[in-house]
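The values are calculated or read from the model by the stated rules, or taken from the named source; none is laboratory data. What you are looking at is a predicted structure, and each value in this text was computed from that prediction instead of being measured. Quick reminder, even Gly has a Cβ in these numbers, built from the backbone with ideal geometry, and neighbours come from all protein chains shown.
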Amino acid sequence: MTRKDLEILHDGGAFDPSPRHQELFAVHVPFDTMTGGHSCEQALTAALRRQERVTLVGTSGAGKSSVIAATLHPMVEDLVPLPIPVAVERPAVAGDPVAFVRHLVQVVSRLVQQSAPDRGGQARRIESETRPKIKRGKGFSVTPGLVGLSVRLAYELEAAVDEPSHTSDQIMDQGRQILDLFRSRELTPVLVLDDTDRWLNTAYLPESAQTRAAFFATIPRLLAEELDTAAVIAVHPTYLEDPAFRAARGFLSRTITVPAVPSAGGIAAIAHRRIALAMDGQGLAAVEVGEVLSNAALVTLHDYYSSMPSDVRRNLLLILHAALTLAVDDPAAERIERAHVELAIAEGEG
């Protein structure tokens, strides 16, 4: 490992604690891989294929978004993620069934347009599947919208979302029609509600507790009874004690808890994935984790992570990123040592 390599990793944001959302599936190392189990990503995939409604539980930064992105990434052909933001919308979207379904229709309309903004007359041509290339490494991205959407299905969805709907019954029928169009192609639409942690910030949203209660009192039942759709709802552990959530459990098929990174070896796996992507972004071969991080540094980092709330973003990646910066600034360093990790932890707590 050379200092130039350290600088490449640093400049390439190898340990960026907040990658872009469309990059999450590529940088994520499955918790099932790290734990040797089947209770996280594999369980979520299986449940969604059974069209279940899953509560994915984890603290802020624990990895809920990454687990969802890895499960519903663009190469999964039969599961179609429909991200439905609720925490940043007007409160009615989170607590009123008709407003929620109208919001769903608007979301699908935007996704269709993003998938093929200049489709034009192609919509009536014979169906032909297309899939954009996924670029990895620095600056890699995934085309937004519904990846691999057929021209015919896009046309039918466009027609469905453009259908005038004025009454509550018409809006509900429109939502069901859109979901049925996916199912008619042997696709499973999955409603993804991944922003509910925003309701923790009462300063940002003073009525967050009331909004959260209204959501759990109405939306899970809507998903189960009216829409009969697969869904994954990211949930902070504190929500589990809400009376409205407890009452909604009958409409939620199962609960999956995001596990902690189990060992220093798990951290090494995360580092390896990110190092490989950063080096590939510069057209360089990957280097071994041991050339970038000493074993003592890995153990120290895991000891700190394990002593804190299970927050991969703040208590693991942010420290690792800071330690890399310290190593780059250390003229004697050829890799990240335990002293760099300890100093990064001290500065983070200072």
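Okay, here's what the table says:
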| quantity | calculated |
| --- | --- |
| Among residues of the range 84-104, those that are touching a residue at least 12 places away in the same chain (Cβ under 8 Å), aliphatic (A, V, I, L, M) and assigned to a helix (DSSP H, G or I), counted | 4 |
| Tabulated pairs, the range 245-257, first outside the structural domain of Arg53 (by TED's automatic domain parsing) and within 15 Å of Ala213 (Cα to Cα), second of a type in the set (S, T, N, Q) and crowded, with 18+ Cβ neighbours inside 10 Å, C-beta under 6 angstrom, 6+ apart or interchain | none |
| Residue satisfying all of: in the range 1-15; modelled with pLDDT of 90 or more and crowded, with 16+ Cβ neighbours inside 10 Å; nearest to Ile336 (Cα to Cα) among these | Leu6 |
| Restricting the range 309-331 to residues that are crowded, with 17+ Cβ neighbours inside 10 Å and not in a helix (DSSP H, G or I), the residue that is modelled with the lowest pLDDT | Ser310 |
| Test: residue in the range 177-194 that is surrounded by 19 or more Cβ atoms within 10 Å (Cβ to Cβ) and modelled with pLDDT under 90 | no |
| Hey, Thr211 closer than 17 Å to Pro85 by Cα and among the hydroxyl-bearing types (Ser, Thr, Tyr) or not | yes |
| Of all residues making up the range 78-106, the number that are closer than 26 Å to Pro164 by Cβ, crowded, with 21+ Cβ neighbours inside 10 Å and touching a strand residue (DSSP E or B) at 6+ places or on another chain (Cβ under 8 Å) | 5 |
| Residue within the range 42-53 that is part of a loop (DSSP other than H, G, I, E, B) and more than 27 Å from Gln177 (Cβ to Cβ) present | no |
| Contacts under 6 angstrom Cβ, first residue in the range 35-52 being under 16 Å from Ala260 (Cα atoms), partner modelled with pLDDT of 95 or more and surrounded by fewer than 18 Cβ atoms within 10 Å (Cβ to Cβ), 6 or more apart | Thr35/Pro262; Glu41/Pro30 |
| For Glu77: the one exception among (1) touching a residue at least 24 places away in the same chain (Cβ under 8 Å); (2) more than 19 Å from Trp199 (Cα to Cα); (3) not in a loop (DSSP other than H, G, I, E, B) | (3) |
| Flag if Glu7 is in contact (Cβ under 8 Å) with a residue 24 or more places away in the chain, closer than 26 Å to Glu77 by Cβ, assigned to a helix (DSSP H, G or I) and of a type in the set (D, E, K, R) | no |
| Odd one out for Glu334, checked against (1) part of a helix (DSSP H, G or I); (2) in contact with a Lys or Arg (Cβ under 8 Å, 6 or more places away or on another chain) | (1) |
| Residue within the range 70-77 that is surrounded by fewer than 17 Cβ atoms within 10 Å (Cβ to Cβ) and either assigned by TED's automatic domain parsing to the domain that holds Ile171 or not aliphatic (A, V, I, L, M) (or both) present | yes |
| Single match in Asp311, Asp329 (criterion: more than 19 Å from Glu41 (Cα to Cα), outside the structural domain of Leu223 (by TED's automatic domain parsing) and among the charged types (D, E, K, R)) | Asp329 |
| Any hit, the range 237-244, residues being surrounded by fewer than 17 Cβ atoms within 10 Å (Cβ to Cβ), in contact with a strand residue (DSSP E or B) (Cβ under 9 Å, 6 or more places away or on another chain) and touching a residue at least 60 places away in the same chain (Cβ under 8 Å) | yes |
